[in-house]
2 protein chains.
Amino acid sequence: MDSHSIEPSRSGGARRRLVDAATSVIREKGYAATSVDELCAKAGVTKGAFFHHFPSKGSLAVAAADHWSAISDALFAAAPYQQLDDPLDRVFGYLDFRRALLRGRVEEFTCLVGTMVQEVYGTHPDIRRACDASISGHAVKLEADIADAMKRYRIRASWTPESLALHTQAVLQGAFILAKAKNKAGVAEASIDHLRRYIELLFRRLKTGARRKS
Amino acid sequence: MDSHSIEPSRSGGARRRLVDAATSVIREKGYAATSVDELCAKAGVTKGAFFHHFPSKGSLAVAAADHWSAISDALFAAAPYQQLDDPLDRVFGYLDFRRALLRGRVEEFTCLVGTMVQEVYGTHPDIRRACDASISGHAVKLEADIADAMKRYRIRASWTPESLALHTQAVLQGAFILAKAKNKAGVAEASIDHLRRYIELLFRRLKTGARRKS
DNA sequence: GACGGCATACCGACTGGTTGGTATGGCCTC
DNA sequence: GAGGCCATACCAACCAGTCGGTATGCCGTC
């Protein structure tokens, strides 16, 4: 039997579809403004199925944040820049990769966990933790490359690899906020450019000629 | 009688109290999770009074964003660093001032409009506009100092004063997100330190000795 | 200064609809 | 026949917003 067929509306995968629906709808409207009914409709699932898989709306948010971590990990682990030998090149590769992701509508490139944590940090501690884990876990991989690059280029500094890695996440999250406020991606690109320039300066890698057309 | 007050609010000042309540509650829980009833209770006002002063919940949010712009303008206009002669010193003064504001609980130093715009950018265009105006208007004053500093120190660059001013706002907003995720202000301070270092490098003002104890 | 006319400020019960969550039962597979 | 998976029906609480009404202050007229 075609039991492996990926039927969009029946059997299996209700949980997965709910997580996917949450990921997209929450990025558009935020957590509080997203209703369980709406998620069920978008996932093609009834309310009974929802509460069969998740004990509460908040637990779906936690699952969505965890799933977000997983797909992010996979996306960046598979990115071409990971093949570069020089750890500093991987750091720049990361930034260029993130810049290239700023395509399409705003809600398509913004961050689920950054959006959620703003609303729920004070009211839903479990969601806050999941969002923190997602952001911090993502930064840890970058931190490793930064630390290696500091060793390789013998950079002695008052700042730590961890703080710089977290700073990149702050710039990205802030860039998303500005993109939402202005409803266009341009400001986010400019902010990433500034961040790249900062790291070039830290590692004394600034080319005098214009690197980028911008 | 001091009837010459320019503000339209009269007598009891229910309107003012509602705006204040919105400013604090929305920063804690976000826009969607804040109910009209809760705002009325916090302001010590009935629902009738609410809808007497505001036609909708969203219009209060717009008023709160506008008020936020006004008190921000006043706060930074009165800050001591504004007295400095050197525009570059004023830029650094701004950053140090913002860093010093990171005191108390997270919901006390985070930004109302940055919090709101994340949730409503796609659903409430009028609120989005008010938030954009607040952020962009704030950045404009910083932009002027940056532009003056570039002239004074004859900095020729591929970046514009506007993009750097907006970048500082992105860093601040992102720092708030990380502070919320980690539930502590430390990360935000570290990010502002990185931003300060970036601008020092751009203006070739980096002191070799440790400037700050951190 | 008493008066009517009118605007502003506010009250709180009420409404229609939505919310997150529950209770129960049926269907399919093992 | 037991258990995973889901559908239907339903609920109490809560939501934003409405509406008829009151209390008070201003202002020009006489």
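FYI, it's all coordinate maths here, none of it is from the lab. The model shown is predicted, which means the values in this text are computed figures rather than measured ones. Don't worry about glycine lacking a Cβ; one is built from the backbone with ideal geometry, like all the others, and counts go over all protein chains shown.
Here A:K180 is the anchor, and the aspartates and glutamates within straight C-alpha reach of less than 12 Å, apart from those fewer than 8 places off in the same chain, are A:E28, A:E107, A:E108, B:E119, B:D132. Placing a label point 7 Å from Cα along the Cα-to-Cβ axis, B:G13 is separated from the same position in the other copies by 6.0 nm, shortest listed first.
Rounded to the nearest 0.05, the FRET efficiency derived from the C-beta distance between B:F109 and A:A157 at R0 = 30 Å is 0.65.
The aspartates and glutamates whose alpha-carbon is closer than 19 Å to the alpha-carbon of A:K151, local same-chain residues fewer than 8 away aside, are A:D85, A:D86, A:D89, A:E143, A:E162, A:E200. Working note: Cα gyration tensor of the protein assembly as shown, eigenvalues times five, square-rooted, sorted largest first, giving semi-axes of 35, 33, 17 Å.
Candidates B:A165, B:S69, A:A149 compared by Cα position along the dipole of the protein assembly as shown: farthest toward the positive end lies A:A149, with charges placed on Cβ. Just to verify a number: FRET efficiency for A:V140 and A:V36, C-beta to C-beta distance, R0 = 25 Å, to 0.05? After rounding to 0.05, the efficiency reads 0.15.
Relative to one another, the C-alpha centroids of region B:147-169 and region A:20-86 are positioned 39 Å apart. When chain A is treated as a GNM with alpha-carbon contacts under 10 Å, the residue of A:A133, A:A14, A:A33 showing the greatest mean-square fluctuation is A:A33. For chain B, a Gaussian network of Cα nodes joined below 10 Å ranks B:I192, B:I71, B:I135 by mean-square fluctuation, and the top entry is B:I71. Shortest first, A:A74 label-point distances to identical copies amount to 5.3 nm, with the label point at 7 Å from Cα along Cα→Cβ.
For chain A, the relative contact order is 19 percent, taking Cα pairs closer than 8 Å that sit 6 or more residues apart in sequence and dividing their mean separation by the residue count. Dividing the summed -39500 (n - 2.57) terms of all DSSP H runs of n ≥ 4 by the residue count of chain B sets its mean residue ellipticity at 222 nm at -22000 deg cm²/dmol. Placing a pseudo-label 7 Å from each Cα along the Cα-to-Cβ vector at A:D126 and B:D89 gives an inter-label distance of 5.5 nm. Just so you know, the Cα atoms of region A:55-138 work out to an Rg and Dmax of 14.7, 46 Å.
What number do you get for region B:26-68 when its Cα radius of gyration is normalised by 2.2 N^0.38 Å, N = residues?
Numbers: Rg = 9.9 Å, N = 43, 2.2 N^0.38 = 9.2 Å.
Ratio of Cα Rg to 2.2 N^0.38 Å: 1.08.
Just list whichever of A:K42/B:K184; A:K141/B:K182; A:K141/B:K29; B:K141/B:K184 have alpha carbons separated by over 24 Å in the model shown. Over 24 Å Cα-Cα: A:K42/B:K184; A:K141/B:K29; B:K141/B:K184.
May I ask you to work out the translational diffusion coefficient for region A:134-211 at 4 °C, viscosity 1.567 mPa s, via Stokes-Einstein with Rh from the Kirkwood sum over Cα pairs, reported in whole µm²/s?
Details: Rh = 13.6 Å.
Stokes-Einstein gives a translational diffusion coefficient of 95 µm²/s.
Phi angles across region A:138-150 convert, under the Karplus curve 6.51 cos²θ - 1.76 cosθ + 1.60 with θ = phi - 60°, into 3J(HN,Hα) values of 5, 5, 4, 5, 5, 4, 5, 5, 4, 4, 5, 5, 5 Hz, Gly and Pro given as x.
Restricting things to alpha carbons, find the Rg to Rh ratio for region A:14-113 using the Kirkwood radius for Rh. Walk me through the intermediate numbers first.
Values: Rg = 16.4 Å, Rh = 15.0 Å.
So for region A:14-113, dividing Rg by the Kirkwood Rh gives 1.09.
Convex hull volume of the Cα atoms in chain A, per residue, in Å³? List each step's numbers first, then the result.
Values: hull volume 31.7 nm³, N = 214.
Spread over its residues, the Cα hull of chain A gives 148 Å³ apiece.
Between A:S24 and B:K184, take the C-beta separation as r, use R0 = 30 Å, and let me know the FRET efficiency to the nearest 0.05. In this case the efficiency is close to 0.45.
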